[in-house]
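The values are calculated or read from the model by the stated rules, or taken from the named source; none is laboratory data. Please read all numbers here as calculations on a predicted model, not as lab measurements. Quick reminder, even Gly has a Cβ in these numbers, built from the backbone with ideal geometry, and neighbours come from all protein chains shown. The protein model used for the area step is the full one, side chains on, heavy atoms only, and it has no ligands, DNA or RNA in it. Shrake-Rupley method; radii C 1.70, N 1.55, O 1.52, S 1.80 Å.
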Amino acid sequence: GSQGSSPETKALGDLHSLILHDPADLSLAVDNFRLASRHPTEGFPRRIIQAYHWTIAVEQHGHGSALEAYSTFFELLDSHLATRSSVTSRREAAAAFHYARSLPADAASCAIRCDNLRHAVELVERGRGQQWSLASRLKTPVEDLESANPKLAHNYLELSKLISNAAQSSATIPDRAAADQAATKYRKLTEQWEAAVTEIRNLQAFSRFLLPPLYADLQAAARHGPVIILIASQYSCSAIIVPTAGDPHHVPLPSIALADLKTLKDRFTRAIRHASRMNPTESRTDLIVLLRIVWDEIMLPIINVLENVLKLKRRSRIWLCPTAAFTSIPLHAANPFQTKAYRSKEPCLEDIYICSYTPTLSALIRSRRMMKKRKGKALSAVDSELELVHKLVPATANHTTISGDAATRAGALEGLEENTWVHLACHGKQDPTQPYNSHFVMRDEHLTLLDIMDRDIPHAEFAFLSACHTAVGDEETPDEVIHLAAGLQFSGFKSVVGTLWEVDDAVAKHVVEAFYTYLFHPKEAGVMDPTKAAWALNCATHAVKTKVPLEQRMVFIHIGV
């Protein structure tokens, strides 16, 4: 072809000719996609676009290279993001590929269809970890490298900085010749950067540098109970159970499609709005109908595998790791609402197991790694519930109260840095367009999720967010909601109780009181153990059944260890 015919333009041309459905054309196109996405002389952004088109083409036409296409996409995006030094520039870089948000779930669905369940777990974790780790100040692998081999680390960081600067400045060059020159320089730097990464991976301890964790590493998340990943993709919806040992189990959910989850989310939003206007004693009929659907079509097939295949004992702990559209469904509240013939009630999910959530498998592993048994300092913030919490927190825990004039953004950040246990009873607001701007309302200015994620919170063990709602069904919430409680867990709190929608303060008091009563049982002798939080919440929501209406009991969820 003409001199302008890079592998990239050829691959895109081939994408259009694919309508011919000629297998020879398809494999030629795939070769071109492979070349274009691996082509070191193209910059990362263009190669990422190639890999994305490759995934679309192979899904449309069914080709054996689908998993390779997805892996290539994540790998290139990882490299591209790794060259960005600041959290903000990483976010900007990632935002450019917002159209690929469904890829983690689609990749997992593809691996399931190829009967490669371990790979499905690795792919969904890698793709979602990308979305999440953008949000956090996680210790980077480079910090470990700096202590092991300062020279390689310095070289890598310098190249990353040069690439990052080149990428940002090339966007603003009007002159064609200068732009070409900048592009050539950028490509050279990319090649050098990739060579530097290869050199680092040749060091024994760094063979996985910038590479995602393998199934064997991820399985550590299930050390204290199975983790259930719920995958919502346009191609299929299903669950993968990661057991404490051995291979993952696939649970197909044939009666649920992606569109059904979207409908379910909207119906929950309406039912909860409706319930908030009812008097406490009225039956929550529409909510009951929806929770039965969640039980029958989503959770029951999973429970069957847990009970009959994994032989998991009753009242064991399980962790739910929902993706995409599943993040908006209150899975933990699944309930058959059936009565047996002899008048006893059929057990619901919370009767059978103690449920927690985790944003990703890595987040759970990281929290466990950082656990220490110790007497904590407790911090309680914001007026209404403070008296109540003080009465219940053991006397051995010295606590700070931040209320009135002291409840400022700076005051709260200082409190977070110095304390192990936090109780926030202030209002929180979800920002669906910019999840990192989700915030707690303080006296002077907002305390955003970003503020917390950018801080080093060394002692953080447990947080209870009682009035901080993450409004369900605001405008067009994106598929993956980074909600405030999960954000806190991700930024270092090992164990968090949060709420899924707005809570009626008067009603929440009952749950808060029951929760702390169970958590600080006299037997515990004042030791604050964050791993008891899920159990305490489970007991508390049972205990307040007669006083608190359904939607205000199921609003509380536990995230983390």
| request: Treat each spin label as a single point 7 Å out from the Cα along the C-beta direction, and report the ARG270 to LYS188 distance in nm. | output: 6.2 nm
| Using the Cβ atoms and a cut-off under 9 Å, what net charge is assigned to the surroundings of PRO213, where Lys and Arg are +1 and Asp and Glu are -1? | -1
| query | So which GluC sites (Glu not before Pro) in segment 73-123 pass both tests, a DSSP loop state and at most 14 other Cβ atoms within 10 Å of the Cβ? | reply | none
| field | Cα centroid separation, segment 299-344 to segment 210-248 (Å) | value | 17 Å
| How much length, in nm to one decimal, is gained on full extension between SER147 and HIS98, taken as 0.36 nm per residue of separation minus their Cα-Cα distance? | 14.1 nm
| task | Over 32 Å between C-alpha atoms is what I'm after, so list which of LYS265/LYS340; LYS311/LYS509; LYS340/LYS494 land there. | result | LYS311/LYS509; LYS340/LYS494
| field | Cβ-Cβ FRET estimate between ASN304 and ARG113, R0 fixed at 22 Å, reported to 0.05 | value | 0.50
| message | With a 1.4 Å probe and all protein chains left in place, how much accessible area per residue does segment 497-557 have, in Å²? | response | 37 Å²
| query | So how far apart, in nm, are the two label points at GLN204 and LEU392 if each is 7 Å from Cα heading toward Cβ? | reply | 5.2 nm
| said: Using 0.36 nm times the number of residues separating ALA410 and ASP454, minus their current alpha carbon distance, what extension gain do you get? | reply: 14.5 nm
| task | Taking just the C-alpha trace of segment 266-361, give me its Rg and Dmax in Å. | result | 14.6, 43
